[in-house]
Structures are given as C-alpha cells and as structure tokens.
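Since the structure comes first, as structure tokens, the remarks are kept for the end.
The values are calculated or read from the model by the stated rules, or taken from the named source; none is laboratory data. Just so we're clear, the structure is a prediction, and the values are computed from it rather than from any experiment. We place every Cβ from the backbone using ideal geometry, glycine too, and count neighbours over all the protein chains shown. To get the accessible areas, we keep the full protein, side chains included, count just its heavy atoms, and leave off ligands, DNA and RNA. Shrake-Rupley method; radii C 1.70, N 1.55, O 1.52, S 1.80 Å.
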Amino acid sequence: MRTSSAFRGSAGAAIATTLLFAACGALHSVPPLRTDNVLFWRVRGPETVNSEAYLLGSVHVGRADRPLVLDQRLAEAFAAATELWVEVDPRELDPAYLLFTMQLYGTLAPKQSITSLLTPETTERLQRYLHERGGRIENVRAKPWLVSMGIIFAEQARVGIRPELGVDRWFIDHAGDKHVAGIETLDSQISAINDLPDELQDLMLRQTLINLKRLDETTEGILSSWERGDEAAMAHFMLADAAHPEFEPLIDKLIFERNEEMARSLEWTLRTPGTRFVVVGAGHVIGDRGIPAILARHGYSVSPVLPSGAPTVSTMPAATAPPLQVRDEGAAASSPAERIRCICQKVCEDYLKDKYTGEHPVVDGKPACGCKEQGVVVLKFHVKSCD
C-alpha cells in the first residue's frame, strides 16, 4: 500500500491521541497548561430528571514541568459534581492489569512473524527504526498496532511525556470522595484497535514511523489548539485525514464509532438525578460527529460554557432523532481481578476445554492462566468480551 503525499503527517499522532495514550513529543517551551478556553459543555438531562453533565475534551498526557492551571468555570463545575466519568475506570490502568490486557490482545500467534503482516515499505521502516536502537525485527512478538503504541511510549518516555500526567489523570487524582467510573472499558478500547484489519494496522504503524520527526510540531499544535478551545484547529490535527480513502475506516473505527458508544453511556447516566463531570479525549468532542453534537441531535440541551462560568445558548442543531438506546442499568463494570478471572476461565474452558484452577501467574513476564490438565498457559488468545 502506497502512502499518499496528500497526508499532512498528523494522522498517527491524532489517532493515538484519541486512545488511552496520546502520541506526543518534546515541546520547545513549557508554559503552564491552561484551561481558560478549552472545549467544555453543559448537557442537561430529560426535563423529568434533575440531572446534568459537564463534558470536557481533554489531552491524555502531560509533563511534570507543564502543570495544569484550572480555570474557575471548570473548578466550580468539578466541585459541584458528585461523580467523575473518564474514558476508562482508573482501576483498569493498574500496571499489572494493563500489561495483562496488552499481552492478551497484542501477542502474535505462535510461529507468526510481524513481517507477514506488513508491507515491504513498513517492514523497511521498522527495521531501520529498530536497528538504530539496537533491536531486531526477528525478535518482535507483537502485532503492528502494539508495536506502534510501543514506539510512541518509548518516544514519550525519552522526552518526559507521561500518560499519568494527563488532564484526565489530574481530575482522577483530585476526585476526593467523588464516585469515579469509566465510560468505556480497557478491553473495549484495546479490542477496537486489535480488530482492525491487517492493512489498517500496517498503515497505523507506518504513519507512526513516518511522523516521529514531527511529533514536536504535532504535539505543540494539539496542545495549543486545546488551550485556545480552537475546534477548527483541533479538527485539522485530528480529523482532517478522515476524508482520505485510506484513513477513513481507521478514523471511523477508532473515533466516530466510539463517539456513538460514549454518547449512549452519557445518555444512560443522565436518566438519573445528579451532576456529573465527564472527561474524554478532545478528538471525541469536535465536529458534527462528536459527542456534544450527537447528544444535541438526540434531544438534549447542549451548551458551551464560557470562561465566565455562564453557559451560552446552544448552537447545536435542533433535535431530529429519537433518544439514544439505553444500556442495561443493572450492568456494572467488572473489577480488574474479576475480568482477569473471567478471561482465564474462557481460555481454559472455551479454548482448551479444560478446568480453570483460579490461578493467573506471570510467566517470563507474560500473563498466564492456570488450567488443570494443561498446567500454566501463557495467554496468546483474543477474548473480546467478559461481560
């Protein structure tokens, strides 16, 4: 697959930004990260329910030398909220569980090589990248999407960019006695990218490798437009390539389809009284397929909140569609331990037709399941759901 010269070089970073970990690079200057004009909305629930949600588009990473300066309108809304909703329940970001899930979805099948999944161009670029860092492509045992994210992590770590210092993590760390919950699950986020066809995973990895030298420029552009609340600039960085035939299915899967699911989750929360503070990646709140526009089209009052703290009259389109479908109100997110047990049970009983012993040790740094007849089985299986 040939990479078109029409690409603006921002797609790799933009795609990763919409996931749990954003693609960012070094900044030439590190002023405080301000929230005076960021994209921020107030969503009112049904007239019969005293409910509202404050929706903030955020960035998922930060630097220790660029502290967040919270605007009064955000501070007041956050203080008034009794619940904090973020993309993924913080419990699922436990390093051990994160490693477990990454290994579960991202490990190549036995005897499979990554080069069998890549085009010659991507293979050459990856070989060059690894060679410059003392690595060998023959030793890579991860799928292309996970290699792409691993490269992003490595480049972030090199320049001091850390996901635990992101805007969403700031609110989690300051939640106090607020109830904190995830709109999505780590499984759903990872499976969304793991389910991409081979050619799209190849495209994502190739663009990551191509864009490494532009991470500074892309990062500064994203952070600056986020601080200004410049939706048009954010759309340029994050959604401009959606119109290109090669990137359209990638953006659809990783941004637009997830926007619909997250809007359904927010609709579910608005059916009960209370004030929620909701933080999602900025890529999910911009444009006519962003979460605010989706909710407004389904009959909800969606108003941008000005720096003064007073919500303006909504400029969203009038409601033209019925309310979103409500998910099961009795459904509750499993804890990491419960999800690990569920995955291991599926591996032992569904895949190996064996009995699960209840054990899930780590073997040679990889998550494993204890199965009665098979012993300890290192996880190399794709389990999409543990509901």
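Only one of Glu227, Glu248, Glu267, Glu217 is modelled with pLDDT of 85 or more, at negative phi and either acidic (Asp, Glu) or over 19 Å from the mean Cα position of the chain (by Cα) (or both). Can you tell me which?
Glu267
Inspect all residues belonging to region 132-148 and state whether any of them is under 23 Å from Met262 (Cα atoms) and either open to solvent by less than 20 Å² (accessible area, probe 1.4 Å) or assigned to a helix (DSSP H, G or I) (or both).
Taking every residue of region 132-148 in turn, at least one turns out to be under 23 Å from Met262 (Cα atoms) and either open to solvent by less than 20 Å² (accessible area, probe 1.4 Å) or assigned to a helix (DSSP H, G or I) (or both).
Inspect region 201-222 for any residue being open to solvent by less than 40 Å² (accessible area, probe 1.4 Å), in contact with a Ser or Thr (Cβ under 8 Å, 6 or more places away or on another chain) and closer than 27 Å to Leu306 by Cβ and give the result as yes or no.
yes
Could we say that Thr122 is among the β-branched types (Val, Ile, Thr) and crowded, with 22+ Cβ neighbours inside 10 Å here?
yes
Please specify each residue of region 154-174 satisfying the condition of being exposed (fewer than 15 other Cβ atoms within 10 Å of the Cβ), in a helix (DSSP H, G or I) and at pLDDT 75 or above.
Residues satisfying the conditions are Ala154, Arg158, Glu164, Asp173.
Scan region 185-205 for residues that are of a type in the set (Asp, Glu) and at pLDDT below 90 and jot them down.
Passing the criteria: Asp187, Asp195.
What is the residue count in region 175-198 for residues that are among the hydrophobic types (A, V, I, L, M, F, W, C) and not in a helix (DSSP H, G or I)?
5
Within the bounds of region 246-257, is there any residue that is open to solvent by 10 Å² or more (accessible area, probe 1.4 Å), free of Cβ contacts under 8 Å to residues at least 12 places away in the same chain, among the acidic types (Asp, Glu) and over 22 Å from Thr122 (Cα atoms)?
Yes: one or more hits.
Kindly provide the set of residues from region 248-275 that are among the basic types (Lys, Arg) and not in a helix (DSSP H, G or I), ordered by number.
Arg271
Among the residues of region 63-91, which ones are open to solvent by less than 10 Å² (accessible area, probe 1.4 Å) and either under 21 Å from Ala157 (Cβ atoms) or assigned to a strand (DSSP E or B) (or both)?
The answer is Leu84, Val86, Glu87, Val88.
Test Ala109 against the stated conditions and say whether it is of a type in the set (A, V, I, L, M), open to solvent by less than 40 Å² (accessible area, probe 1.4 Å) and not in a helix (DSSP H, G or I).
Against the criterion (of a type in the set (A, V, I, L, M), open to solvent by less than 40 Å² (accessible area, probe 1.4 Å) and not in a helix (DSSP H, G or I)), Ala109 does not qualify.
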